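Asks: I have a structure here, written as structure tokens, and I will follow up with some questions on it.
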Amino acid sequence: MKLVIGIVRPERVNDVLRALYKAEVRGITLTRVQGHGGELERVETYRGMTVQVGMEDKARFEIAVSDEFVDPAIEALCEGGRTGEVGDGKIFVVPLERVVRIRTGEEDNAAVTPVGA
Amino acid sequence: MINAGDTAWMLAATALVLLMTPALGLFYAGLVREKNTLNTFMMSIAALAVATVTWALIGYSIAFDGDGSILGGLHNAFLHDVGLEPRANSTIPHILFFAFQATFCIVTTALVSGAVVERMRFGPFLVFAALWSVLVYAVLAHWAFGGGWLISGGTLDFAGGVPVEMGSGFSALAAAIVVGGRKDYGRQALLPHNTVYVLLGAGLLWFGWFGFNGGSGFSVGAPGVLAFTNTLLTPACTLGVWMILDIIRGRQATAIGAATAIIVGCVGITPAAGFISPMWAMVLGVVAALPSYAVIILRPRFRIDETLDVLAAHGVAGFTGILFIGFFAQKGWNGVSDGLVYGNFDQLVDQVLAALAAPAYAFGMTFALLKIIGAVTPLRSTTHQEAIGMDETFHGEEAYPSGEGAVLVMTEPRAKQDDPRVATPV
């Protein structure tokens, strides 16, 4: 089991979701986050006060999957999130020690397998 | 002869109508996605600048100088001979009459933006607004108010069913067709981001509408007072009916539906305000709700992304109001003419003429105008710009900036060199 964390552009969220559903990855947590990954600075002006916006809005997907779904999840994140410009985001894959489904008490692979799959 | 009471009311009414433009901006801003809030609001705010200038330079003259059947003259261009003395057959200063009419041109120009929000480039919109305010609004205003063929032929239009409501509504349809839909229209849910703005905007519009209709009698006399009262009655009835329709259709009265109903009611009574009795005004409120409600339900089934339903709320409701006069105008109340129900068939013919001519002209002219502008410069932003939003693309601002991680850029270049902590990007 792995936790796949994908940080993507907020305007690509719908494309990523579509790609994930197509890959039959269905257990998803989505958070709005702010981050910076080396993209060019964006400048905004408010009443003569000019600021460099250091932190860009990003969306973070957290997807816990069994091993055979790691690659499909990564491919879906790449396919949906890629524009080719700096700032498309990153994917982090980390090992999972233990997963529990609260409703049933199921553990590990049974817990990350979607209901009805 | 200038009348102090009339002048005082018209000064206040002018300010009331001016408020309608930022109110409309607020209404529209709530209906779009967060990333397009400022751009949508700015399209209305920009009309305050653009349409005021074009109106003063030439629009007013085309609308109100002389009684040519299609166009007015150029005698009042650059406000020539528009002074403090009363305008012919009126009791208020000519320049106040100009200012009152200017606020109509502004809000109507802003209305059209509702069809193209979330994708049209800001620069081309400004050019469009400037040309539209003269070529469409001023011409229709001349037809309906300024001595053109509609008013001289007997068409009754109290406060702007022809130039304001049908003019903006059918222009919006043409604009939506020429500019094209948003990139995700029909594929993704594109939802309003702040319904509270929508309700507050609708409330402020209604408030301003008392000046819009109540001022269109140009005096504190009977027509203005009747129009003022009808502006309370009609939207209230539309609002009630709309909530019932919502409940019948979806079991819940929606807030955005309520805001829309207020606009539809105000639009419906606009042409008829000073011509029908208060009880008929209430009936109009009920009647006006139905076609507009139907168009709003049907609109998503078509490919045309007329984004904020300007056609349903303004075009269709204005059409309903103009025709309603033909049936229910009452000489006992307006002192001018009866409608069909009171034995005057000719009035209905005059109203039908206006209800056909105004949409045709507004649609055709706007279509041609945008095609021409579009041949010179692209009307639409790129797909990428549309994805990141109009606010960031065209204004370099966000409606709701968090400020986290933002670094102040020093105005003195020396500070940057001396203090590497400021110069280093985060």
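Asks: In square angstrom, what is the accessible area per residue of the stretch B:308-375 with a 1.4 angstrom probe?
Replies: 40 Å²
Asks: For every helix of n ≥ 4 consecutive DSSP H residues, a contribution of -39,500 (n - 2.57) applies; sum these over chain B, divide by its total residues, and give [θ] at 222 nm rounded to the nearest 500 deg cm²/dmol.
Replies: Mean residue ellipticity at 222 nm (helix-derived): -19500 deg cm²/dmol.
Asks: Which percent of the accessible heavy-atom area of the stretch B:38-131 goes to carbon and sulfur, probe 1.4 angstrom?
Replies: Roughly 73 percent of what the probe reaches on the stretch B:38-131 is carbon or sulfur.
Asks: Then there is this: Give me the summed buried accessible area for the B-A pair, 1.4 Å probe, to the nearest 100 Å².
Replies: Summing both chains' loss of accessible area gives about 1700 Å².
Asks: If the elastic network links every pair of Cα atoms under 10 Å, which of B:His75, B:His384, B:His395 fluctuates the most in the Gaussian network model of chain B?
Replies: Between B:His75, B:His384, B:His395, it is B:His384 that shows the largest mean-square fluctuation.
Asks: While we're looking at this one, here's another question. Could you tell me the calculated FRET efficiency between B:Ala255 and B:Leu84, based on Cβ-Cβ distance and R0 = 41 angstrom, to the nearest 0.05?
Replies: Here the calculated transfer efficiency is 0.35.
Asks: Among B:Ala102, B:Ala144, B:Ala77, which one shows the highest mean-square fluctuation when chain B is modelled as a Gaussian network with alpha-carbon springs under 10 Å?
Replies: B:Ala77
Asks: Nearest 10 degrees is fine. How inclined is helix A:13-22 to the longest principal axis of chain A, computing both from alpha carbons?
Replies: That works out to roughly 20 degrees.
Asks: Compare A:Thr45, A:Thr31, A:Thr104 in a GNM of chain A, Cα atoms joined below 10 Å, and give the one with the largest fluctuation.
Replies: In this elastic network of chain A, the residue with the biggest mean-square fluctuation among A:Thr45, A:Thr31, A:Thr104 is A:Thr45.
Asks: Can I ask one more? Just for the Cα atoms in chain A, what are the lengths along the principal axes, largest first, rounded to whole Å?
Replies: Taking max minus min along each principal axis of the Cα atoms, chain A gives 57, 26, 22 Å.
Asks: Check cross-link reach from B:Lys183 to the lysines: straight Cα distance under 19 Å, and skip same-chain residues fewer than eight apart.
Replies: Cross-link targets: B:Lys35.
Asks: Given a Förster distance of 25 angstrom, what is the FRET efficiency for B:Thr383 paired with A:Ile28, based on the Cβ-Cβ distance and rounded to 0.05?
Replies: Given R0 = 25 Å and the Cβ-Cβ separation, E is 0.50.
Asks: Just the C-alpha atoms of the protein assembly as shown: what Rg/Rh do they give, with Rh taken as the Kirkwood radius?
Replies: 1.07
Asks: Right, something else. Tell me the chymotrypsin sites (Phe, Trp or Tyr not before Pro) within the stretch B:213-302 that lie in a loop according to DSSP and have at most 15 other beta-carbon atoms within 10 Å.
Replies: Sites meeting the loop and neighbour criteria: B:Phe302.
Asks: Here's a follow-up. Just tell me the longest site-free run in chain B, where the sites are trypsin sites (Lys or Arg not before Pro) in a DSSP loop having at most 12 other beta-carbon atoms within 10 Å.
Replies: After excluding every exposed loop site, the longest remaining stretch is B:1-186.
Asks: Which percent of the accessible heavy-atom area of the stretch A:39-117 goes to carbon and sulfur, probe 1.4 angstrom?
Replies: That share works out to 53 percent.
Asks: Rounded to the nearest 10 degrees, what's the angle between the helix B:4-31 long axis and the longest principal axis of chain B, both from Cα atoms, 0 to 90?
Replies: Helix B:4-31 sits roughly 40 degrees off the main axis of chain B.
Asks: Rounded, prolate or oblate: which fits the stretch B:345-389, taking a ≥ b ≥ c as square roots of the Cα gyration tensor eigenvalues, rounded meaning a/c under 1.5, else prolate when a/b beats b/c?
Replies: Verdict is oblate for the stretch B:345-389.
Asks: So how tilted is helix B:255-272 from the main axis of chain B? Cα-based, degrees 0 to 90, rounded to 10.
Replies: Tilt of helix B:255-272: around 40 degrees.
Asks: Running Debye on the stretch B:27-90 with equal point scatterers at the Cα sites and no solvent, what base-10 log of I(q)/I(0) appears at q = 0.19 Å⁻¹?
Replies: Once normalised to I(0) and log-transformed, intensities are -0.75.
Asks: What accessible area per residue, rounded to a whole number of Å², is obtained for the stretch B:55-132 using a probe radius of 1.4 Å?
Replies: 34 Å²
Asks: Could you pull out every one of the lysines with an alpha carbon less than 18 Å from that of B:Lys331, ignoring same-chain neighbours closer than 8 positions?
Replies: none
The values are calculated or read from the model by the stated rules, or taken from the named source; none is laboratory data. Being a predicted model, the structure only gives us computed values, none of them experimental. Cβ sites come from the backbone with ideal geometry, for glycine too, and all protein chains shown count toward neighbours. Ligands, DNA and RNA are excluded from the accessible area calculation, which covers all protein heavy atoms including side chains. Shrake-Rupley method; radii C 1.70, N 1.55, O 1.52, S 1.80 Å.
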